[in-house]
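K.L.:
Okay, here's the structure, questions in a sec.
Any read-out appearing in this document is the output of simple, stated calculations on the displayed coordinates, not a laboratory observation. Note that the coordinates shown come from a computational prediction; the quantities given were computed from them, not determined experimentally. Backbone-built Cβ (ideal geometry, glycine too); neighbour counts: all protein chains shown.
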Amino acid sequence: MLTRIALTGLASAVSVVSLTLTGPAGASPALPAGIRSPAGHTRPLEWGTGPLTVAALPRIAYVAHRGGAREVPENSMTGLMAAYERGTAQVLDFDTRSLRDGTPVVFHDETLNRTTYLGGEVRGLDAREWQGVRLRPKDALPGSWRSERPPTVAEVLDRFGGRIVLMLEAKDPRSLDRLAGLIRARGLTRSVFVNSNDPEVARRAHRMGLLAQLWRSARQLRTDRPERWRSYVDLLDVDHRARDADLVRAVRSGIRRVWAHTVVTDAQRDRVLALGCDGVITDAPGRLARAAQRGARP
């Protein structure tokens, strides 16, 4: 059962807008005020015109974590679209959870309380009830953002699949079969990383023919032996706060890609790249990109 969070007059002042996702395949939702899309640059030019796979990623990849949670409303369709249009990251990251009826939706927390105007568990809703959920953008975000419904995983795959590499975290491991079906049905098995903190979930994803991503905390990396996972992990996602020796061990594990999370400063970025990581997962892709353009390490 849902419990509505008590709000001040702010709630009534918010403009509730549902994203229209049924238009032409190439149509994009309007960007929020202050966000501009450079004409002709809806994707990095070096990626060409065909469907994108991980083979198209540059030597150093930048990932917009939850769409870039310090710059856009996290895990929102408009936020993901803004990150895509800006072209400052080559990968879009989002979280997934399952509703009561098994529908996979884009959401991070177990409950609605932190990021929406409602309270209660995400898994307590079905697809019809999900239509009434509205995100609550943080006041601290730059620009002007309207409230909107959190998207379903199918909607995000339909919007971005084949246009940019995606990274989704399966917060509910039991949803893996459903997620795999959505990815396979769209021909995106080489375009979507499926992320988990559990090596066994990564192994299952690999056996399903998916790109398996495994994230590990700084504490876990102290005792991990990443070389044990190299036969089934396509991407090792490491905590940038880990010790130098632990990051170097991860880089030398034989796993093809080792990316660091969740980076927000130039110094953090420069350190993990110097230690051999070949990807940066960041809440601030736009800011880091601007810093790189001013002469910071790419």
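K.L.:
Which distance in nm do the two modelled labels at Arg219 and Ala267 give, with both placed 7 Å along the Cα-to-Cβ direction?
P.N.:
The answer from the label model is 2.5 nm.
K.L.:
Listed highest first by mean packing, meaning other Cβ atoms within 10 Å per residue, what order do 207-213, 52-58, 276-282, 103-109 come in?
P.N.:
Values: 207-213: 19.6, 52-58: 16.1, 276-282: 23.6, 103-109: 21.3.
Going from most to least packed, we get 276-282, 103-109, 207-213, 52-58.
K.L.:
So what are the ³J(HN,Hα) numbers for the range 184-201, from phi and the Karplus equation (6.51, -1.76, 1.60; θ = phi - 60°), rounded to whole Hz, Gly and Pro as x?
P.N.:
Rounded to whole hertz, the list is 5, 4, 9, x, 10, 5, 9, 10, 10, 7, 10, 9, 7, 8, 9, x, 5, 5.
K.L.:
Additional query: Cβ under 15 Å from Val233's Cβ, Val233 left aside: what net charge do those residues give with Lys, Arg +1 and Asp, Glu -1?
P.N.:
+3
K.L.:
Kirkwood hydrodynamic radius for the range 193-298: how many Å is it when counted over pairs of different Cα atoms?
P.N.:
On the way: mean 1/r = 0.0717 Å⁻¹.
Computed over the range 193-298, the radius equals 14.0 Å.
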